[in-house]
Amino acid sequence: MTTSILNTVSSIHSSRVTSVDRVGVLSLRNPDSVDFTRRRSGSSSLVFGSPGRRFVVRAAETDTDKVKSQTPDKAPAGSGSSINQLLGIKGASQETNKWKIRLQLTKPVTWPPLVWGVVCGAAASGNFHWTPEDVAKSILCMVMSGPCLTGYTQTINDWYDRDIDAINEPYRPIPSGAISEQEVITQFWVLLLGGLGIAGILDVWAGHTTPTVFYLALGGSLLSYIYSAPPLKLKQNGWVGNFALGASYISLPWWAGQALFGTLTPDVVVLTLLYSIAGLGIAIVNDFKSVEGDRALGLQSLPVAFGTETAKWICVGAIDVTQLSVAGYLLASGKPYYALALLALIIPQIVFQFKYFLKDPVKYDVKYQASAQPFLVLGIFVTALASQH
């Protein structure tokens with residue numbers, strides 16, 4: 001992730017000066033006037049003085065090329081992973097190729113839930129068939145939901161989070177200067193318009209008299225914007241912001257997939273909004289690593305508002321209680337086998353929560369998500385199949 005931003009704070013210690021070259025020189029004379037001079041050596045001086053007595057503060061300039069990051073545990077190693085760079089996750093290698101940096105900004109690692117949501121919506125419609133046309137429609141809907149609109153969401157989020165990232169992850173492409181302001185703005189406009197254009201094509205292809213997919217794409221894009229951008233910036237409130245994020249990742253792509261092949265029904269809307277509460281829990285997982293920057297900039301994420309210990313229990317509670325509620329709903333709807341299948345998928349998630357996440361939500365966040373979330377998304381698919389029947 002390119003060059004780190006180093007924030008250098010200069011201090012003057014009156015009790016001890018060990019090196020003229022590194023710390024500077026203090027000499028007391030009469031502080032009646034102020035003069036600022038720059039020396040050939042690269043140092044700068046503040047001179048307070050009168051003809052009789054002067055006070056001089058001289059500090060050497062810092063060569064930023066020689067200064068090491070003060071947060072080596074956060075910065076990527078020189079031998080970072082090129083795969084991590086392409087996926088847009090931490091531990092990435094530094095990159096100068098602009099197209100790879102553009103891809104990194106879209107965070108491809110976040111696309112699969114949206115793609116899976118389209119699959120679930122198509123399955124829930126009961127009208128998807130394994131024909132070349134239906135497969136092509138679903139793939140185009142996945143491109144709209146994943147690379148285009150999720151890519152837009154991630155890019156615009158990084159743009160409005162550049163001050164926070166300068167604290168938490170200064171090596172990210174925007175705060176590090178690896179990509180220019182104009183390039184970022186161009187990218188999120190291209191992704192947004194591309195996604196909306198595909199949505200319109202899908203409505204025409206499906207023969208919709210009302211452009212349902214386009215409206216869903218437009219609504220989701222607006223939600224993404226107000227999630228990240230002022231003045232609303234929903235992410236400033238941990239509850240509202242994370243629920244909006246959960247709805248974007250679970251409900252909207254499901255609705256798009258189902259609308260493409262069938263019609264949305266009230267029970268599906270209820271189930272997907274319930275799952276959005278689980279999405280709230282998933283979103284909280286990513287807040288723990290940003291506590292320092294969130295607190296500094298006044299963002300009330302749940303780990304900031306409640307503390308790490310309480311927030312991690314809120315997180316797993318939102319995920320587990322939601323799924324148990326959905327299982328109860330399926331059982332009450334006369335679908336006991338689907339309810340049992342969902343329960344079987346909840347158990348390993350709880351195991352991994354205790355094994356990784358509840359021990360240390362920062363250290364084990366990637367391991368937890370890699371081990372537990374596949375069972376969550378399978379549970380969503382089981383629910384989609386139950387909705388079909």
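The values are calculated or read from the model by the stated rules, or taken from the named source; none is laboratory data. Remember, it's a predicted structure, so these values are computed and weren't measured experimentally. Note: ideal-geometry Cβ built from the backbone for every residue, glycine included; neighbour counts use all protein chains shown. Note: areas computed on protein heavy atoms with side chains; ligands, DNA, RNA excluded. Shrake-Rupley method; radii C 1.70, N 1.55, O 1.52, S 1.80 Å.
Enter the accessible area of ASP360 (Å², nearest 10), with the probe set to 1.4 Å and all protein chains included.
About 50 Å², ignoring ligands and nucleic acids.
Along segment 130-137, what does the Karplus equation 6.51 cos²θ - 1.76 cosθ + 1.60 (θ = phi - 60°) give for ³J(HN,Hα), rounded to whole Hz, x for Gly and Pro?
Working through the residues one at a time gives 7, 9, x, 5, 5, 5, 5, 4 Hz.
From the protein chains alone at 1.4 Å, what is the descending order of accessible area for ILE314, ILE277, largest first? Working shown, then result.
Working: ILE314 40, ILE277 65 Å².
Order by accessible area, largest first: ILE277, ILE314.
Over segment 219-304, what portion of Cα pair distances is larger than 22 Å, expressed as a whole percent?
Tail fraction, whole percent: 30.
Which order do ARG172, ARG102 take when ranked by solvent-accessible area (1.4 Å probe, heavy atoms of all protein chains), largest first? Display every interim value, and only then the final one.
Numbers: ARG172 10, ARG102 50 Å².
Result, largest first: ARG102, ARG172.
Given the whole protein assembly as supplied and a 1.4 Å probe, what does the accessible area of THR186 come to in Å², nearest 10?
For THR186, solvent-accessible area is about 60 Å².
For segment 288-389, what number of Lys pairs, 8 or more residues apart or on separate chains, have alpha-carbon atoms under 21 Å from each other?
So the count of such lysine pairs works out to 12.
How many percent of all Cα-Cα pairs in segment 95-177 sit more than 20 Å apart?
Taking all Cα-Cα pairs of segment 95-177, the fraction more than 20 Å apart is 46 percent.
What whole number of Å gives the distance from the Cα centroid of segment 311-389 to the Cα centroid of segment 124-144?
So the separation of the two Cα centres works out to 26 Å.
For labels at ASN127 and ILE139 in the simple 7 Å Cα→Cβ model, what's the distance in nm?
2.2
Given THR263, ASN286, GLN236, which one lies farthest toward the positive end of the charge dipole of segment 189-330, if we put +1 on the Cβ of every Lys and Arg and -1 on the Cβ of every Asp and Glu?
It is GLN236, whose Cα lies furthest towards the positive end.
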